[in-house]
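Read-outs throughout are calculated quantities, based only on the coordinates presented, and are distinct from any laboratory measurement. Just so you know, these numbers come straight off a predicted model, no measurement behind them. Cβ placement follows ideal geometry from the backbone for every residue including glycine, while neighbour counts extend to all protein chains displayed.
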Amino acid sequence: MSETSRTAHAGSRPTGGGGDLGRRVALRREELGLSRADLAARAGTSPGYVRYIEEYPADPGAGVLLRLASALETSTAELRGGTAMSPPGLGRAARRADLLELSPWECRERLATHGVGRVSVSTAPGPAIVPVNYSVVDDTVVFRTAPDATPAAAAGAEVAFEVDHIDEALSEGWSVLVVGRARRVTDPAAVRRLDDAAYTPPWPGGGRDLWLRIEPERITGRRIRARGEPG
């Protein structure tokens, strides 16, 4: 969809909240004291298109994003939520923030987004925390690994499994911690079901066909929210 047609289309859609990109654009624009018209002039676009990006889920092209980043005196990586080669947490803390406890339902909702989590294991050299691609099946955390890989040491042990999300631009984030016993999944029918339900194959590739299941005994979570943001 062209920039012009998106602008026209935005006017016909019901008002709604924008995506993360739009929130970052709006926040940075306000930090610089710019109006939408100011930002549009700097970026060589229209105020209507700036409004579209801020208020509606949008995925502007690379050229538009580069112009917006330059106009906002930041980088495209920051507008998209952080730099790819840097660990999360390098952004500055919000001037005012609240640390909130997540309810069990909120923890499960965030956990069920799948992706990459970290599991704690005990190994011969000592404790280790390793990332794994995971899914949630039947309210349990499942992941697959190679029998001789470090995550396989979780089998039969009580482990901690953690997932989190950091938004550098908004100085916000959340984390969810699952504690439970990890067990091997050996039943062929159960293994086939997990293969079918897997969100993604393991990123490292290779012969990772050992499935482990963590049955949660305790789920807790916390959220950092910049004060003044809507709940």
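The figures follow:
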quantity: Length added when fully stretched, ASP139-VAL191, from 0.36 nm per residue minus Cα-Cα; calculated: 17.1 nm
quantity: Charge dipole (debye, nearest 20) of segment 150-219; +1 at Cβ of Lys and Arg, -1 at Cβ of Asp and Glu; calculated: 480
quantity: Ordering of 172-183, 53-64 by packing [mean C-beta count within 10 Å, highest first]; calculated: 172-183, 53-64
quantity: For segment 124-195, projected area of the alpha-carbon convex hull averaged over all directions, nm²; calculated: 6.5
quantity: Extension gain from ARG80 to ALA93, taking 0.36 nm per residue of separation minus the Cα-Cα distance; calculated: 2.9 nm
quantity: Cβ-based charge dipole, segment 106-184, positive-most Cα from PRO147, VAL163, PRO127; calculated: PRO147
quantity: Table column - 3J(HN,Hα) (Hz), segment 32-42, Karplus curve with 6.51, -1.76, 1.60, x for Gly and Pro; calculated: 8, x, 9, 7, 4, 5, 4, 5, 4, 5, 5
quantity: Length added when fully stretched, TRP203-THR220, from 0.36 nm per residue minus Cα-Cα; calculated: 3.4 nm
